[in-house]
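So the structure is just underneath, and the comments pick up after that.
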Amino acid sequence: MVKFVFDVDGTLTPSRQLMDAEFQSWFIRFQENNATYLVTGSDRIKTLEQVGSHVYNFAHRVYNCSGNSVWEQDKEIYCNDWKLPQEAEEWLREELEISKFPLRTGLHIEDRPGMVNFSVVGRNATLGERKLYAEWDNKSEERYTIAKAFMEKFPGILALVAGETGIDIFPEGMDKGQIIKDFEGDYVHFFGDKTEKGGNDYPLAKLITNGEVHSVQSWEDTWSLLRK
Ligand SMILES: [Mg+2]
């Protein structure tokens, strides 16, 4: 069977923001005629808010928290209860102290099923504050540096740059790649904006042997590819 798997942030929506209304109506019609799946680092509540209940519920299955919280409509069919080791949490708090980015908005280490999201600017940042951090991170490559150092310090735990401001942290193998087992024998079209090495879509992208990986720059890009 041909199946369409979509990342959310940067692929169906602008990062952490709502889906464009026009694209949303178009996409719902696409879902009526195609088997669609969502896979995102965000939790169910955030994804519902971003894509709306129609897109969420018309998906055959939604892999929240990188596949650690799996939903079919309003029923959770799988949940992973991994916790970040204390030592790793302390290490992240130190990084938070020494980062040269001047702003902290709170909620820097966010617990989610099977993973943790780390953000120097913090999850409470406004859109403008997030943008400031993203620009600064582009120049300094802080997130790549922290992620790399984290993985050297804590073998067996992965740290991947995700979205515009965060780093997703989880045990090896509990990334988006873990969902591939549900697609045995299927032809998979996977759309993601972070499919290159080091990105949070890479672990899944590299496992797609029967299908196509579509690396997109934005939701507009995804839409134009789907129209073709
Ligand atoms: Mg993305």
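The values are calculated or read from the model by the stated rules, or taken from the named source; none is laboratory data. As the structure is a prediction and not an experimental result, all values here were calculated from the model. Ideal geometry is used to build each Cβ from the backbone, glycine not excepted, and the neighbour counts take in all protein chains shown. Keep in mind that these areas ignore ligands, DNA and RNA; they rest on the heavy atoms of the full protein, side chains included. Shrake-Rupley method; radii C 1.70, N 1.55, O 1.52, S 1.80 Å.
Of a type in the set (Phe, Trp, Tyr) and within 16 Å of the ligand (Cβ to nearest atom): does that describe Phe150?
No, not satisfied.
When Asp193, Asp168 are checked against the criterion of being within 13 Å of the ligand (Cβ to nearest atom) and at pLDDT below 95, Asp168 stands alone in meeting it. Going by what's in this entry, would Tyr144 be described as farther than 30 Å from Leu226 by Cβ and at pLDDT 95 or above? The answer is yes for Tyr144.
With respect to Gly156, determine if the residue is exposed (fewer than 15 other Cβ atoms within 10 Å of the Cβ) and farther than 19 Å from Cys65 by Cα. So Gly156 does not fit the description; no. Selection of the stretch 172-190 for residues being open to solvent by 20 Å² or more (accessible area, probe 1.4 Å) and either over 20 Å from Phe4 (Cβ atoms) or within 11 Å of the ligand (Cβ to nearest atom) (or both) yields Glu172, Gly173, Met174. State which residue pairs qualify: first residue assigned to a loop (DSSP other than H, G, I, E, B) and among the small types (Gly, Ala, Ser) and inside the stretch 4-18, second residue within 10 Å of the ligand (Cβ to nearest atom) and open to solvent by 10 Å² or more (accessible area, probe 1.4 Å) in any location, beta carbons under 6 Å apart, and separation of 6 or more residues or different chains. Short answer, once both residue conditions are applied: Gly10/Asp193; Ser15/Asp9; Ser15/Gly163; Ser15/Glu164. Residue count for the stretch 90-106 under the criterion of being farther than 21 Å from Gly128 by Cβ, touching a residue at least 24 places away in the same chain (Cβ under 8 Å) and of a type in the set (D, E, K, R): the result is 1. On the given criteria, is Leu92 over 20 Å from Asp193 (Cβ atoms), part of a helix (DSSP H, G or I) and assigned by TED's automatic domain parsing to the domain that holds Glu152? Yes; evaluated as a whole, the condition is true for this residue. Note on the stretch 24-70: residues that are part of a helix (DSSP H, G or I), surrounded by fewer than 24 Cβ atoms within 10 Å (Cβ to Cβ), more than 15 Å from the ligand (Cβ to nearest atom) and not aromatic (Phe, Trp, Tyr) total 15. Among the candidates Leu160, Leu132, the residue that is outside the structural domain of Gly199 (by TED's automatic domain parsing) and farther than 16 Å from His108 by Cβ is uniquely Leu160. Within the stretch 71-89, the set of residues being among the charged types (D, E, K, R) and in a helix (DSSP H, G or I) comprises Glu87, Glu89. Of Leu127, Leu84, Leu107, all but one fail to be closer than 13 Å to Asp168 by Cβ and either not assigned by TED's automatic domain parsing to the domain that holds Met151 or not small (Gly, Ala, Ser) (or both); the exception is Leu84.
Checking the structure you have, find out if any residue of the stretch 5-23 is on the phi > 0 side of the Ramachandran plot and within 16 Å of the ligand (Cβ to nearest atom). Yes, because at least one residue in the stretch 5-23 is on the phi > 0 side of the Ramachandran plot and within 16 Å of the ligand (Cβ to nearest atom).
Can you confirm whether the stretch 103-122 contains a residue that is more than 30 Å from Lys3 (Cβ to Cβ) and within 16 Å of the ligand (Cβ to nearest atom)? Within the stretch 103-122, one or more residues are more than 30 Å from Lys3 (Cβ to Cβ) and within 16 Å of the ligand (Cβ to nearest atom).
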